[in-house]
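The values are calculated or read from the model by the stated rules, or taken from the named source; none is laboratory data. Please read these numbers as outputs of a predicted model, since none were measured by experiment. Here Cβ is always computed from backbone atoms with ideal geometry, including for glycine, and neighbour counts include all displayed protein chains. When the accessible area is computed, the model is the full protein with side chains, heavy atoms only, and any ligands, DNA or RNA have been set aside. Shrake-Rupley method; radii C 1.70, N 1.55, O 1.52, S 1.80 Å.
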Amino acid sequence: MSSTVTETLSAAADPTRYGFDKLNPYEHPPETKADVPWSELVTLDLEDYARPGGKERLAKQLEHAVHHVGFFYVKNFGLSQEQVDQQFTLAKNFFELPTEEKEKFEVNYAEADYNGWRRPGRYLQVKAKDNVEMYNIAKFTKDFEGKYDHPDLIKAHLPEIEVFHRALHSNVVLPLLRLFAIVLQLPDEEYLVKQHTYETKSEDHFRYMLYYPRTEEEWADSKYGTTGGHTDLGTVTLLFRQPVAGLQILGEDGNWTWVKAEPGTITVNLADTISHLTGGWLKSSVHRVVAPPEDQRQYKRTGLLYFARPHNDTVLVPITDSPVLEKAGVKPRFDKLVTMAEWVKAKQTLQLNPEIAKKRWAESGDGTVEVLAGFRDQKYKE
Ligand SMILES: O=C(O)CCC(=O)C(=O)O
Ligand SMILES: [Fe+2]
(Lines give C-alpha, C1' and ligand atoms only; values in the text may rest on other atoms or scores of the structure.)
(Ligands and ions follow the chains in the order given, each with its own letter.)
Protein backbone atom coordinates (compact mmCIF):
# COMPACT_ATOMS: atom_id res chain seq x y z
CA MET A 1 0.00 0.00 0.00
CA SER A 2 1.43 3.40 -0.91
CA SER A 3 1.97 5.80 1.94
CA THR A 4 -0.61 8.27 0.56
CA VAL A 5 -3.36 5.63 0.65
CA THR A 6 -2.35 4.61 4.19
CA GLU A 7 -2.42 8.22 5.32
CA THR A 8 -5.82 8.81 3.72
CA LEU A 9 -7.29 5.73 5.36
CA SER A 10 -5.98 6.51 8.81
CA ALA A 11 -7.10 10.14 8.55
CA ALA A 12 -10.61 9.02 7.62
CA ALA A 13 -10.76 6.59 10.50
CA ASP A 14 -9.56 9.16 13.02
CA PRO A 15 -12.63 10.38 14.93
CA THR A 16 -10.77 13.37 16.43
CA ARG A 17 -10.54 14.80 12.92
CA TYR A 18 -14.28 15.46 13.13
CA GLY A 19 -14.42 16.60 16.77
CA PHE A 20 -16.75 19.56 17.39
CA ASP A 21 -13.68 21.74 18.02
CA LYS A 22 -12.68 21.08 14.39
CA LEU A 23 -16.07 21.72 12.77
CA ASN A 24 -17.59 25.03 11.65
CA PRO A 25 -20.10 25.78 14.38
CA TYR A 26 -23.69 26.44 13.37
CA GLU A 27 -24.87 29.87 14.39
CA HIS A 28 -28.56 30.64 14.75
CA PRO A 29 -29.45 33.54 12.43
CA PRO A 30 -31.21 36.52 14.07
CA GLU A 31 -34.98 36.42 14.40
CA THR A 32 -37.17 38.39 12.05
CA LYS A 33 -38.54 41.80 13.00
CA ALA A 34 -41.34 41.43 10.47
CA ASP A 35 -44.89 41.84 11.64
CA VAL A 36 -46.56 38.69 10.33
CA PRO A 37 -49.65 36.85 11.65
CA TRP A 38 -48.18 34.27 14.06
CA SER A 39 -50.02 31.04 14.88
CA GLU A 40 -51.28 30.72 18.44
CA LEU A 41 -50.10 27.31 19.58
CA VAL A 42 -50.16 25.65 22.98
CA THR A 43 -46.90 24.61 24.64
CA LEU A 44 -46.76 21.33 26.56
CA ASP A 45 -44.23 21.26 29.36
CA LEU A 46 -43.09 17.65 29.26
CA GLU A 47 -41.59 18.02 32.73
CA ASP A 48 -45.16 17.99 34.00
CA TYR A 49 -45.69 14.52 32.50
CA ALA A 50 -44.16 12.63 35.41
CA ARG A 51 -45.84 14.69 38.15
CA PRO A 52 -49.06 13.48 39.81
CA GLY A 53 -51.98 14.37 37.54
CA GLY A 54 -49.55 15.71 34.94
CA LYS A 55 -50.59 13.42 32.10
CA GLU A 56 -54.23 14.34 32.58
CA ARG A 57 -53.39 18.06 32.65
CA LEU A 58 -51.32 17.78 29.47
CA ALA A 59 -53.98 15.70 27.72
CA LYS A 60 -56.55 18.39 28.55
CA GLN A 61 -54.23 21.02 27.11
CA LEU A 62 -53.91 18.96 23.92
CA GLU A 63 -57.58 18.21 23.28
CA HIS A 64 -58.29 21.23 21.12
CA ALA A 65 -54.87 21.29 19.44
CA VAL A 66 -54.95 17.72 18.18
CA HIS A 67 -58.53 17.81 16.86
CA HIS A 68 -58.64 21.33 15.42
CA VAL A 69 -55.09 22.62 14.85
CA GLY A 70 -52.71 19.68 14.43
CA PHE A 71 -49.73 21.72 15.68
CA PHE A 72 -48.31 22.49 19.14
CA TYR A 73 -44.96 22.99 20.91
CA VAL A 74 -43.23 20.84 23.52
CA LYS A 75 -40.52 22.00 25.91
CA ASN A 76 -38.29 20.27 28.49
CA PHE A 77 -37.74 17.18 26.36
CA GLY A 78 -34.57 16.02 28.06
CA LEU A 79 -31.94 17.14 25.55
CA SER A 80 -29.72 20.14 26.29
CA GLN A 81 -29.41 23.13 23.95
CA GLU A 82 -25.77 22.10 23.53
CA GLN A 83 -26.81 18.67 22.26
CA VAL A 84 -29.31 20.30 19.91
CA ASP A 85 -26.74 22.81 18.62
CA GLN A 86 -24.26 20.00 18.00
CA GLN A 87 -26.81 18.41 15.69
CA PHE A 88 -27.25 21.74 13.87
CA THR A 89 -23.46 21.85 13.53
CA LEU A 90 -23.37 18.34 12.08
CA ALA A 91 -26.11 19.33 9.63
CA LYS A 92 -24.20 22.43 8.56
CA ASN A 93 -20.92 20.55 8.10
CA PHE A 94 -22.62 17.71 6.29
CA PHE A 95 -24.24 20.05 3.75
CA GLU A 96 -20.88 21.77 3.22
CA LEU A 97 -19.32 18.48 2.04
CA PRO A 98 -18.63 18.36 -1.70
CA THR A 99 -21.41 16.95 -3.89
CA GLU A 100 -19.08 14.12 -5.03
CA GLU A 101 -18.93 12.98 -1.41
CA LYS A 102 -22.63 13.36 -0.64
CA GLU A 103 -23.78 11.61 -3.80
CA LYS A 104 -22.13 8.37 -2.67
CA PHE A 105 -24.96 8.20 -0.16
CA GLU A 106 -27.78 9.31 -2.44
CA VAL A 107 -31.35 8.20 -1.84
CA ASN A 108 -32.74 5.38 -3.97
CA TYR A 109 -35.58 7.45 -5.40
CA ALA A 110 -37.05 4.70 -7.60
CA GLU A 111 -37.39 2.38 -4.58
CA ALA A 112 -39.03 5.24 -2.62
CA ASP A 113 -36.32 4.80 0.02
CA TYR A 114 -35.72 8.23 1.52
CA ASN A 115 -32.80 7.32 3.81
CA GLY A 116 -29.59 8.98 2.68
CA TRP A 117 -28.89 12.18 0.77
CA ARG A 118 -31.60 13.87 -1.25
CA ARG A 119 -30.10 16.37 -3.68
CA PRO A 120 -31.67 19.81 -4.24
CA GLY A 121 -33.27 20.84 -7.52
CA ARG A 122 -35.12 17.59 -8.28
CA TYR A 123 -38.55 19.02 -8.92
CA LEU A 124 -40.13 22.20 -10.15
CA GLN A 125 -41.92 24.43 -7.71
CA VAL A 126 -44.13 26.14 -10.31
CA LYS A 127 -41.27 27.39 -12.54
CA ALA A 128 -38.25 27.26 -10.17
CA LYS A 129 -36.22 24.23 -9.15
CA ASP A 130 -36.68 23.28 -5.49
CA ASN A 131 -34.09 24.67 -3.05
CA VAL A 132 -34.16 21.84 -0.52
CA GLU A 133 -31.41 19.39 0.41
CA MET A 134 -31.85 16.60 2.99
CA TYR A 135 -30.06 13.80 4.77
CA ASN A 136 -32.26 11.14 6.40
CA ILE A 137 -31.01 8.68 9.01
CA ALA A 138 -32.94 5.47 9.81
CA LYS A 139 -33.48 4.01 13.28
CA PHE A 140 -30.52 2.44 15.07
CA THR A 141 -31.96 -1.07 15.16
CA LYS A 142 -31.04 -4.49 13.80
CA ASP A 143 -33.33 -4.07 10.77
CA PHE A 144 -31.16 -1.27 9.42
CA GLU A 145 -27.76 -2.43 10.66
CA GLY A 146 -25.22 -2.13 7.85
CA LYS A 147 -27.90 -1.05 5.37
CA TYR A 148 -26.86 2.58 5.01
CA ASP A 149 -23.30 3.87 4.87
CA HIS A 150 -22.44 7.44 5.90
CA PRO A 151 -19.69 9.96 5.21
CA ASP A 152 -16.84 9.89 7.75
CA LEU A 153 -18.12 13.10 9.37
CA ILE A 154 -21.40 11.39 10.22
CA LYS A 155 -19.77 8.06 11.08
CA ALA A 156 -17.58 9.82 13.64
CA HIS A 157 -20.74 11.13 15.38
CA LEU A 158 -23.11 8.17 15.07
CA PRO A 159 -23.05 7.53 18.85
CA GLU A 160 -24.42 11.03 19.62
CA ILE A 161 -26.86 10.79 16.71
CA GLU A 162 -28.15 7.51 18.13
CA VAL A 163 -28.59 9.08 21.58
CA PHE A 164 -30.54 11.89 19.95
CA HIS A 165 -32.70 9.55 17.84
CA ARG A 166 -33.59 7.36 20.80
CA ALA A 167 -34.18 10.33 23.14
CA LEU A 168 -36.65 11.90 20.72
CA HIS A 169 -38.51 8.63 20.47
CA SER A 170 -38.64 7.88 24.19
CA ASN A 171 -38.87 11.42 25.63
CA VAL A 172 -41.25 12.94 23.11
CA VAL A 173 -42.96 10.45 20.77
CA LEU A 174 -43.99 7.84 23.36
CA PRO A 175 -45.30 10.34 25.96
CA LEU A 176 -47.30 12.08 23.23
CA LEU A 177 -48.81 8.76 22.16
CA ARG A 178 -49.95 8.15 25.75
CA LEU A 179 -51.49 11.63 25.83
CA PHE A 180 -53.31 10.93 22.55
CA ALA A 181 -54.61 7.68 24.12
CA ILE A 182 -55.96 9.69 27.08
CA VAL A 183 -57.60 12.21 24.73
CA LEU A 184 -59.21 9.29 22.84
CA GLN A 185 -60.26 7.72 26.20
CA LEU A 186 -58.68 4.39 25.24
CA PRO A 187 -58.90 1.76 28.01
CA ASP A 188 -55.25 0.91 27.32
CA GLU A 189 -53.01 3.97 27.64
CA GLU A 190 -50.24 1.97 25.93
CA TYR A 191 -52.31 1.16 22.83
CA LEU A 192 -50.48 3.50 20.45
CA VAL A 193 -47.13 2.99 22.21
CA LYS A 194 -47.40 -0.73 21.40
CA GLN A 195 -47.62 0.15 17.70
CA HIS A 196 -44.53 2.40 17.93
CA THR A 197 -41.81 0.51 19.81
CA TYR A 198 -38.28 1.58 18.89
CA GLU A 199 -36.88 -1.92 18.33
CA THR A 200 -39.60 -3.09 15.91
CA LYS A 201 -39.19 -2.31 12.22
CA SER A 202 -40.62 1.05 11.24
CA GLU A 203 -39.69 3.88 8.94
CA ASP A 204 -38.97 6.55 11.57
CA HIS A 205 -36.08 8.76 10.59
CA PHE A 206 -34.06 11.73 11.73
CA ARG A 207 -33.40 14.46 9.17
CA TYR A 208 -30.96 17.27 8.51
CA MET A 209 -32.56 19.69 6.08
CA LEU A 210 -31.33 22.79 4.30
CA TYR A 211 -33.31 25.42 2.40
CA TYR A 212 -31.01 27.51 0.23
CA PRO A 213 -31.61 31.23 -0.17
CA ARG A 214 -33.22 32.15 -3.49
CA THR A 215 -33.01 35.23 -5.67
CA GLU A 216 -36.07 37.46 -5.94
CA GLU A 217 -36.64 36.06 -9.42
CA GLU A 218 -36.51 32.47 -8.16
CA TRP A 219 -38.95 33.31 -5.38
CA ALA A 220 -41.31 34.91 -7.88
CA ASP A 221 -40.97 31.87 -10.18
CA SER A 222 -41.85 29.56 -7.30
CA LYS A 223 -44.81 31.76 -6.24
CA TYR A 224 -42.92 32.33 -2.97
CA GLY A 225 -43.51 28.72 -1.94
CA THR A 226 -47.25 29.25 -1.59
CA THR A 227 -48.14 26.17 -3.66
CA GLY A 228 -46.38 23.82 -1.20
CA GLY A 229 -49.30 23.02 1.15
CA HIS A 230 -49.09 19.38 2.28
CA THR A 231 -49.63 16.95 5.12
CA ASP A 232 -46.82 14.72 6.41
CA LEU A 233 -47.19 10.99 6.06
CA GLY A 234 -46.34 9.55 9.49
CA THR A 235 -47.61 9.75 13.08
CA VAL A 236 -46.05 13.00 14.27
CA THR A 237 -43.24 15.19 12.95
CA LEU A 238 -40.86 16.86 15.42
CA LEU A 239 -39.29 20.05 14.20
CA PHE A 240 -36.52 21.71 16.20
CA ARG A 241 -36.68 25.39 16.83
CA GLN A 242 -34.62 27.39 14.33
CA PRO A 243 -35.04 31.12 13.80
CA VAL A 244 -35.66 31.52 10.05
CA ALA A 245 -39.42 31.94 9.62
CA GLY A 246 -41.18 30.29 6.69
CA LEU A 247 -43.35 27.53 8.10
CA GLN A 248 -47.05 28.28 7.84
CA ILE A 249 -50.18 26.42 8.98
CA LEU A 250 -53.55 26.40 7.24
CA GLY A 251 -56.15 27.14 9.90
CA GLU A 252 -59.77 25.97 10.05
CA ASP A 253 -60.74 29.52 9.07
CA GLY A 254 -58.88 29.06 5.77
CA ASN A 255 -56.06 31.48 6.67
CA TRP A 256 -52.34 30.75 6.75
CA THR A 257 -50.46 31.77 9.90
CA TRP A 258 -46.70 31.66 10.64
CA VAL A 259 -45.03 29.36 13.18
CA LYS A 260 -42.82 31.34 15.52
CA ALA A 261 -39.41 30.09 16.63
CA GLU A 262 -39.98 29.72 20.38
CA PRO A 263 -36.67 29.18 22.20
CA GLY A 264 -36.17 25.77 23.78
CA THR A 265 -39.07 24.13 21.97
CA ILE A 266 -39.81 21.49 19.42
CA THR A 267 -42.74 22.15 17.12
CA VAL A 268 -44.89 19.05 16.73
CA ASN A 269 -47.35 18.39 13.97
CA LEU A 270 -49.76 15.50 13.59
CA ALA A 271 -49.54 13.62 10.33
CA ASP A 272 -51.53 11.30 8.06
CA THR A 273 -51.01 8.00 9.83
CA ILE A 274 -52.38 9.07 13.21
CA SER A 275 -55.26 10.53 11.23
CA HIS A 276 -55.82 7.16 9.46
CA LEU A 277 -55.77 5.40 12.85
CA THR A 278 -58.53 7.71 14.09
CA GLY A 279 -60.61 7.98 10.89
CA GLY A 280 -59.53 11.60 10.50
CA TRP A 281 -60.43 12.68 14.06
CA LEU A 282 -56.84 13.52 14.96
CA LYS A 283 -55.93 16.19 12.49
CA SER A 284 -53.13 15.78 9.96
CA SER A 285 -52.22 19.43 9.71
CA VAL A 286 -51.77 21.21 6.39
CA HIS A 287 -48.60 23.28 6.30
CA ARG A 288 -46.03 24.71 3.89
CA VAL A 289 -42.69 26.50 3.87
CA VAL A 290 -42.76 29.89 2.14
CA ALA A 291 -40.20 32.62 1.44
CA PRO A 292 -38.86 33.95 4.75
CA PRO A 293 -39.63 37.57 5.67
CA GLU A 294 -37.33 39.97 3.77
CA ASP A 295 -34.96 40.55 6.70
CA GLN A 296 -34.16 36.79 6.75
CA ARG A 297 -34.04 36.00 3.04
CA GLN A 298 -30.24 35.95 2.88
CA TYR A 299 -29.89 33.14 5.43
CA LYS A 300 -29.76 29.43 4.85
CA ARG A 301 -32.60 27.76 6.76
CA THR A 302 -31.38 24.63 8.53
CA GLY A 303 -33.82 22.03 9.82
CA LEU A 304 -33.54 19.20 12.34
CA LEU A 305 -36.54 16.93 12.20
CA TYR A 306 -37.71 13.56 13.46
CA PHE A 307 -40.44 11.66 11.66
CA ALA A 308 -42.26 9.09 13.83
CA ARG A 309 -44.13 6.20 12.26
CA PRO A 310 -45.85 3.04 13.50
CA HIS A 311 -44.46 -0.45 12.84
CA ASN A 312 -44.51 -1.39 9.17
CA ASP A 313 -47.07 -4.16 9.76
CA THR A 314 -49.62 -1.84 11.45
CA VAL A 315 -52.97 -2.01 9.67
CA LEU A 316 -54.29 1.52 9.15
CA VAL A 317 -57.89 1.20 10.35
CA PRO A 318 -59.60 3.34 13.01
CA ILE A 319 -59.09 2.24 16.61
CA THR A 320 -62.26 0.46 17.75
CA ASP A 321 -62.34 0.96 21.52
CA SER A 322 -62.35 4.73 21.74
CA PRO A 323 -65.62 6.23 23.02
CA VAL A 324 -64.54 9.52 21.43
CA LEU A 325 -64.15 7.99 17.95
CA GLU A 326 -67.30 5.94 18.39
CA LYS A 327 -69.32 9.04 19.23
CA ALA A 328 -67.86 10.86 16.23
CA GLY A 329 -68.80 7.87 14.02
CA VAL A 330 -65.46 7.77 12.22
CA LYS A 331 -64.97 5.54 9.17
CA PRO A 332 -61.90 3.84 7.62
CA ARG A 333 -60.14 6.06 5.11
CA PHE A 334 -59.10 3.27 2.71
CA ASP A 335 -61.34 0.98 0.70
CA LYS A 336 -59.23 -2.09 1.57
CA LEU A 337 -56.89 -3.14 4.38
CA VAL A 338 -53.64 -1.21 4.05
CA THR A 339 -50.45 -1.64 6.09
CA MET A 340 -48.07 1.12 7.12
CA ALA A 341 -45.37 -0.29 4.81
CA GLU A 342 -47.76 0.00 1.84
CA TRP A 343 -48.80 3.52 2.81
CA VAL A 344 -45.18 4.71 3.16
CA LYS A 345 -44.23 3.26 -0.21
CA ALA A 346 -47.28 4.78 -1.95
CA LYS A 347 -46.84 8.30 -0.58
CA GLN A 348 -43.04 8.34 -0.84
CA THR A 349 -43.20 7.16 -4.46
CA LEU A 350 -45.13 10.35 -5.25
CA GLN A 351 -42.83 12.52 -3.13
CA LEU A 352 -39.54 11.23 -4.49
CA ASN A 353 -40.37 10.75 -8.18
CA PRO A 354 -41.48 14.00 -9.83
CA GLU A 355 -42.19 12.33 -13.19
CA ILE A 356 -44.48 9.69 -11.66
CA ALA A 357 -46.14 12.34 -9.48
CA LYS A 358 -46.84 14.63 -12.43
CA LYS A 359 -48.49 11.84 -14.37
CA ARG A 360 -50.54 10.59 -11.42
CA TRP A 361 -51.76 14.07 -10.41
CA ALA A 362 -52.81 14.69 -14.01
CA GLU A 363 -54.89 11.48 -14.13
CA SER A 364 -57.86 12.73 -12.12
CA GLY A 365 -57.94 16.21 -13.65
CA ASP A 366 -59.63 17.58 -10.50
CA GLY A 367 -56.55 18.65 -8.51
CA THR A 368 -56.40 15.47 -6.43
CA VAL A 369 -54.35 12.29 -6.60
CA GLU A 370 -55.21 8.80 -5.37
CA VAL A 371 -52.33 7.88 -3.08
CA LEU A 372 -53.61 4.41 -2.19
CA ALA A 373 -56.86 2.41 -1.99
CA GLY A 374 -59.24 5.32 -2.52
CA PHE A 375 -57.41 7.78 -0.24
CA ARG A 376 -56.64 11.00 -2.07
CA ASP A 377 -54.28 13.90 -1.50
CA GLN A 378 -55.24 17.32 -2.75
CA LYS A 379 -53.76 20.71 -3.61
CA TYR A 380 -54.32 23.31 -0.90
CA LYS A 381 -55.18 26.98 -1.08
CA GLU A 382 -52.27 29.20 -2.23
O1 LIG B 1 -38.88 23.02 7.44
C2 LIG B 1 -39.98 23.12 7.97
O3 LIG B 1 -40.25 24.05 8.74
C4 LIG B 1 -41.04 22.08 7.69
C5 LIG B 1 -40.60 21.02 6.74
C6 LIG B 1 -41.72 20.14 6.29
O7 LIG B 1 -42.87 20.51 6.26
C8 LIG B 1 -41.43 18.76 5.87
O9 LIG B 1 -40.25 18.39 5.71
O10 LIG B 1 -42.39 17.98 5.69
FE1 LIG C 1 -44.16 18.79 6.26
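Per this entry, His287 is counted among residues that are in contact (Cβ under 8 Å) with a residue 24 or more places away in the chain, open to solvent by less than 20 Å² (accessible area, probe 1.4 Å), of a type outside the set (Ser, Thr, Tyr) and closer than 19 Å to Val36 by Cβ. Would you mind telling me which numbered condition in (1) of a type in the set (Lys, Arg); (2) surrounded by 19 or more Cβ atoms within 10 Å (Cβ to Cβ); (3) more than 14 Å from ligand 1 (Cβ to nearest atom) Arg241 fails? Every condition holds for Arg241 apart from (3). Does His196 meet the test of being open to solvent by less than 10 Å² (accessible area, probe 1.4 Å), under 23 Å from Thr278 (Cβ atoms), part of a loop (DSSP other than H, G, I, E, B) and at pLDDT 95 or above? Yes.
There is at least one residue in the stretch 209-226 that is more than 16 Å from ligand 2 (Cβ to nearest atom), in a helix (DSSP H, G or I), at pLDDT 95 or above and among the hydroxyl-bearing types (Ser, Thr, Tyr). Kindly indicate whether any position in the stretch 295-305 is closer than 30 Å to Glu63 by Cα, under 20 Å from the mean Cα position of the chain (by Cα) and open to solvent by 20 Å² or more (accessible area, probe 1.4 Å). No, the stretch 295-305 contains no residue that is closer than 30 Å to Glu63 by Cα, under 20 Å from the mean Cα position of the chain (by Cα) and open to solvent by 20 Å² or more (accessible area, probe 1.4 Å). Only one of the listed residues (Ser275, Ser285) is more than 11 Å from ligand 2 (Cβ to nearest atom), polar (S, T, N, Q) and at pLDDT 95 or above. That residue is Ser275. Residue count for the stretch 46-67 under the criterion of being free of Cβ contacts under 8 Å to residues at least 60 places away in the same chain, open to solvent by 40 Å² or more (accessible area, probe 1.4 Å) and within 28 Å of Gln248 (Cα to Cα): the result is 5. Taking the criterion of being of a type in the set (D, E, K, R) and closer than 22 Å to Lys194 by Cα, the residues of the stretch 319-332 that qualify are Asp321, Glu326. For the stretch 314-355, the set of residues classified as of a type in the set (Gly, Ala, Ser) and open to solvent by less than 30 Å² (accessible area, probe 1.4 Å) consists of Ser322, Ala346, listed by residue number.
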